[in-house]
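The values are calculated or read from the model by the stated rules, or taken from the named source; none is laboratory data. Since the structure is predicted, the reported quantities are computational estimates derived from the model, not experimental observations. As a convention, Cβ positions derive from the backbone with ideal geometry for all residues, glycine included, and neighbour counts pool all protein chains shown.
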């Protein structure tokens, strides 16, 4: 799983209740998290402007449909541009019911990053995750944008502040998305996601956690841990698999893998470009986000 990863298969939207083909329904709390706004705001817009949920569950409970979320996303975009809420609601209500919203791409995120506009980065990250799912948002939007900033920094020495701001926002967006009403198999053991000791570049692990959640697989993201603490985490949680991420060759410690494997009969997978691909003593390295998701979600 590297920042060069581009292979992805779109996952389902998180936690829908489906009443008929093509219609996914969300309660207000989940809708608010997916839109990166407050449930109180959605309720206020429903009361003031009639922009309420139009779908219903089989039991008759009102829920936001995917079309409702598209309409509200348009409303939020207009308000962010300075349009008064009442005018934005009128424009959204007057637009065709099935008007597709323009999909967020890497160029949008790069522009917001270069402008050092955290609000725009936050909104675009949430929109990309909602529109594409975690795996495709990571490979198609987040990774190209981060690579663009990294190449600019290498060429000019400028832009590291953009990367730092954006990485923090993407980390938060991925964590929030992973927990936003995604139905997971709570009784199944989690996938333990750890980073090698002193490994600082752990954002891809958060992307993996969100992509696994899209597929109903629970994970526990513990970050960078010294060997004894990683061993303790494995013994305590009894995961169905453990992933040890290393971005840099300097942090990829085969001894850490050996320690982890001694604690569990479940698979232990190295992941990331830090692990050598020519060492027969190591387990097979997960080479991409798509590879990791496939491997970790096999029944």
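Taking the conditions (1) modelled with pLDDT under 85; (2) surrounded by fewer than 24 Cβ atoms within 10 Å (Cβ to Cβ) in turn, residue 178 satisfies each one other than (2).
With respect to the stated conditions, residue 219 fails to be touching a residue at least 12 places away in the same chain (Cβ under 8 Å) and under 18 Å from residue 248 (Cα atoms).
Out of curiosity, is residue 44 modelled with pLDDT of 90 or more and over 29 Å from residue 142 (Cβ atoms)?
Values: modelled with pLDDT of 90 or more: yes; over 29 Å from residue 142 (Cβ atoms): yes.
Against the criterion (modelled with pLDDT of 90 or more and over 29 Å from residue 142 (Cβ atoms)), residue 44 qualifies.
Residues in the stretch 70-110 that are in contact with a helix residue (DSSP H, G or I) (Cβ under 8 Å, 6 or more places away or on another chain), closer than 16 Å to residue 148 by Cβ and either modelled with pLDDT under 85 or assigned to a helix (DSSP H, G or I) (or both): 104, 106, 108, 109, 110.
Listed here are the residues, each with its yes/no results for (1) within 17 Å of residue 197 (Cα to Cα); (2) under 26 Å from the mean Cα position of the chain (by Cα); (3) surrounded by 13 or more Cβ atoms within 10 Å (Cβ to Cβ).
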| residue | (1), (2), (3) |
| --- | --- |
| 235 | no, no, no |
| 256 | yes, no, yes |
| 266 | no, yes, yes |
| 280 | no, no, no |
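Out of 248, 262, 290, 241, one residue alone is in contact (Cβ under 8 Å) with a residue 12 or more places away in the chain, under 17 Å from residue 196 (Cα atoms) and surrounded by 17 or more Cβ atoms within 10 Å (Cβ to Cβ). It is 241.
Scanning the stretch 152-164 for residues that are surrounded by fewer than 17 Cβ atoms within 10 Å (Cβ to Cβ), touching a helix residue (DSSP H, G or I) at 6+ places or on another chain (Cβ under 7 Å) and closer than 26 Å to residue 134 by Cβ yields a total of 2. Exactly one residue among 37, 41 is out of contact with any strand residue (DSSP E or B) (no Cβ under 6 Å at 6 or more places or on another chain) and in a loop (DSSP other than H, G, I, E, B), and that residue is 37.
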